[in-house]
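The structure under discussion appears below in the form of structure tokens.
Any read-out appearing in this document is the output of simple, stated calculations on the displayed coordinates, not a laboratory observation. Keep in mind that what you see is a predicted model, and the values were worked out from it rather than measured. With ideal geometry, Cβ positions are generated from the backbone for all residues, glycine too; neighbour counts draw on all protein chains shown.
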Amino acid sequence: MELLFLGTGAGVPAKRRNVTSMALKMLNERGAVWLIDCGEATQHQILHTTLKPRRIEKIFITHLHGDHIFGLPGLLGSRSFQGGTEPLTVYGPPGIRAFVETALQTSSTHLQYPLFIEEIEEGTVFEDGHITVTAGKLDHGIDSYGYRFAEKDKAGELLVDKLRADQIPPGPLYKQIKEGKTVTLEDGRTIDPQPYTSDPQPGKIITVLGDTRQCAAAEELAEGADLLVHEATFNADSAQMARDYFHSTTVQAAETAARAKVKKLCLTHISSRYTKEMESELVKEAAAVFEPVLIAHDFLELPVG
């Protein structure tokens, strides 16, 4: 999995930072891309990447403020114009259905693919054999959710050299052994699969939070994550302003990361009041509480696993 930041700013587009959107690339795992949020001009940002809109399988909206959803109708329409035919599902808080359907209907936008819209509550919002997506409600001025993307553990690798050394012939039995099944050979031997596979590989976990104050739900969603993406709209000196506007500071994001025992923290949703020259100070504030930490910029790509 790789997380590609398409927009990392707060509130309104700026020259250096577009408004919020992220692409969770799972091309090796499922041949698909998932978006988290879709602020204004997200499709313009995609033009500067190798992403293909037809590959977008799911879109997870954290909340309904404009800087997180105003790019959604345009992207949905463009995906159709550009030959997308595979189904797409949009997940988001109550109200996302009315927003999307009204925009498409009013603009006479007719999609050439099935569109499904699921209005979420807390809990599991999607699960298959590869990944579980859990949503939790955060502390913001309107309903705002965080998402925990947790891969299922992966089966261990087949120890082919050991199989051959024990004169276990290759063929369909290898697949059964890799799947953890006990098999019987033609010579009558019963083979326990455990000695012939490596330990299972733990699945990776990415937590992406919508806009929020510090809250217990954020820590629960982030618990043990390989990567936590946390908004840091304000610097440490602006804690009261952050609280007044239902946002977080750099230090508050770091405190959440520390309590949740995550492996890496990435700050995003940065106010345009902070110039490029000031960004090192923002990182320094967070790093005094938790490391490793970095600050996202548009088109940053972070591999996870």
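Quick look at the values:
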quantity: Residues within region 155-179 that are under 33 Å from the mean Cα position of the chain (by Cα), surrounded by fewer than 16 Cβ atoms within 10 Å (Cβ to Cβ) and of a type in the set (D, E, K, R), tallied; calculated: 3
quantity: Among residues of region 250-305, those that are more than 23 Å from Asp67 (Cα to Cα), within 20 Å of the chain's Cα centre (by Cα) and not aliphatic (A, V, I, L, M), counted; calculated: 7
quantity: Residues located in region 248-276, provided they are in contact with a Lys or Arg (Cβ under 7 Å, 6 or more places away or on another chain) and surrounded by 17 or more Cβ atoms within 10 Å (Cβ to Cβ); calculated: Ser248, Ile270
quantity: Condition met for His65 (farther than 19 Å from Leu88 by Cα, touching a residue at least 60 places away in the same chain (Cβ under 8 Å) and of a type outside the set (A, V, I, L, M)); calculated: yes
quantity: Strands (runs of 3 or more DSSP E) fully within region 99-169 counting 1 or more residues that are among the β-branched types (Val, Ile, Thr); calculated: 115-119, 123-127, 131-137
quantity: Region 268-297, residues that are outside any helix (DSSP H, G or I) and of a type in the set (Lys, Arg); calculated: Arg273
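Yes/no per residue for (1) within 26 Å of Ser272 (Cα to Cα); (2) surrounded by 13 or more Cβ atoms within 10 Å (Cβ to Cβ); (3) in contact (Cβ under 8 Å) with a residue 60 or more places away in the chain:
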position: Glu40; (1), (2), (3): yes, yes, no
position: Arg55; (1), (2), (3): no, yes, no
position: Phe81; (1), (2), (3): no, no, no
position: Arg97; (1), (2), (3): no, yes, no
position: Leu104; (1), (2), (3): no, yes, no
position: Ile117; (1), (2), (3): no, yes, no
position: Gly123; (1), (2), (3): no, no, no
position: Thr134; (1), (2), (3): no, yes, yes
position: Leu138; (1), (2), (3): yes, yes, yes
